[in-house]
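Worksheet: one structure, shown below.
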Amino acid sequence: MSAPVVAVFAGGTSAEREVSVGSGRACALALARSFTTRLFSIAADALPEGYDPARHVVFSTLHGTFGEDGGMQSLLDGAGGAYAGSDAASSALTMDKTLTKETVSARGVRVSDGICFDAEARPSAQEVARRLGVRVVVKPNNQGSSVGLSIVGDMRGLESALGAAASGRWIVERRLDGRELSVGVLGGSAMGIVEIRPASGVYDYASKYTKGMTEYLAPAPLDGATCEAVRGAAETAFSACGCRDYARVDFILDASGDPFLLEINTLPGMKETSLLPMSARCAGLDFTALVREMVSPAVERFRSSTASRRP
């Protein structure tokens, strides 16, 4: 049986296209050390020309709408192709912040109180303040990379943030004070914990992608019991949402030491300096070893599927 070609999908049509392009290039270079690799530039909500499910195993670095929400995964399933990462159902679930919170909360993982709403039927600032207070976070319900994020601290800011929710579904959550943490999960097991300390105090798009605006501590300076609680919550969230192969799980650690889920990212940023690779380095995996481990289960699924189709 000939070895499959790893097809790296990058780009896409979402607001996170440029982030994806960087992730795709980095991963293609690293994967080429272990596999025959081809980088595909995705420019439409469709499978790219030249993709062949009989030859390719897909390693997607598409972020945001269609790439991360189950859209591309559904097309790959329809084509009978093998791909790394979570399946279409899990991808759609974790892209929906409200549904993710409901799912993990049912398994005992703590989440912040919030209100999900359609832009056309947004709650009034007075109603939000009554239910959650004015120190809240307003963000799209189905976006990543902190796109559209607003940090609110007073009534005027709350009115402005709600007014800016022009279309789609949004979520407003009670703001949690504490330490921001990120944990990579590989094969269902949590790796190292990374602490994120933005200079501005808010880990927004600029803090994520502007050099020098954020300090990262890897591993995070936490005691053993807290590490165990955070890693356990990450593994529980991963399992509860039906994730596969890998994901990144983000938390706020409050003053009492309890981790509150922020989100699960099934296709996180994947440059060498991104959070998931940082988490992996804490567990002894360099970038090349990490991406090899991330795609290996999909390669095995490809081989099993190919063998089962033999006459």
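The values are calculated or read from the model by the stated rules, or taken from the named source; none is laboratory data. In this text the structure is predicted, and so the values were computed from the model without any measurement. Virtual Cβ from ideal backbone geometry, glycine too; neighbours counted across all protein chains shown.
Just a few scattered comments:
- Here V137 clears all of (1) crowded, with 20+ Cβ neighbours inside 10 Å; (2) farther than 30 Å from G232 by Cβ except the condition numbered (2).
- The stretch 149-170, residues that are crowded, with 19+ Cβ neighbours inside 10 Å and either more than 27 Å from G22 (Cβ to Cβ) or touching a Pro at 6+ places or on another chain (Cβ under 7 Å) (or both): V152, L158, A161, L162, A165, W170
- For the stretch 22-48, the candidate set comprises residues that are out of contact with any Ser or Thr (no Cβ under 8 Å at 6 or more places or on another chain) and closer than 25 Å to L149 by Cβ; within that set, the residue that is surrounded by the most Cβ atoms within 10 Å (Cβ to Cβ) is A26.
- The stretch 212-241: number of residues that are in a loop (DSSP other than H, G, I, E, B), in contact (Cβ under 8 Å) with a residue 24 or more places away in the chain and surrounded by fewer than 17 Cβ atoms within 10 Å (Cβ to Cβ): 2
- Residue identified as in a loop (DSSP other than H, G, I, E, B) and either touching a strand residue (DSSP E or B) at 6+ places or on another chain (Cβ under 9 Å) or under 20 Å from G184 (Cβ atoms) (or both) among M270, M294, M278: M270
- Residue under evaluation A54, criteria (1) surrounded by fewer than 23 Cβ atoms within 10 Å (Cβ to Cβ); (2) of a type outside the set (F, W, Y); (3) farther than 11 Å from V5 by Cβ, criterion not met: (3)
Quick grid of which residues meet (1) more than 27 Å from D250 (Cα to Cα); (2) in contact (Cβ under 8 Å) with a residue 12 or more places away in the chain:
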position: A43; (1), (2): yes, yes
position: D77; (1), (2): yes, no
position: T98; (1), (2): no, yes
position: Q126; (1), (2): yes, no
position: V136; (1), (2): no, yes
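- Complete set of residues in the stretch 19-46 that are among the basic types (K, R) and part of a loop (DSSP other than H, G, I, E, B): R33
- Considering (1) over 18 Å from the mean Cα position of the chain (by Cα); (2) closer than 20 Å to F238 by Cα; (3) not assigned by TED's automatic domain parsing to the domain that holds S105, the lone condition that D258 does not fulfil carries the number (3).
- Subset of the stretch 181-198 [at pLDDT 95 or above, surrounded by fewer than 23 Cβ atoms within 10 Å (Cβ to Cβ) and not hydrophobic (A, V, I, L, M, F, W, C)]: G187, G188, S189, G192, E195
- Test: residue in the stretch 289-302 that is modelled with pLDDT under 95 and loosely packed, with under 15 Cβ neighbours inside 10 Å: no
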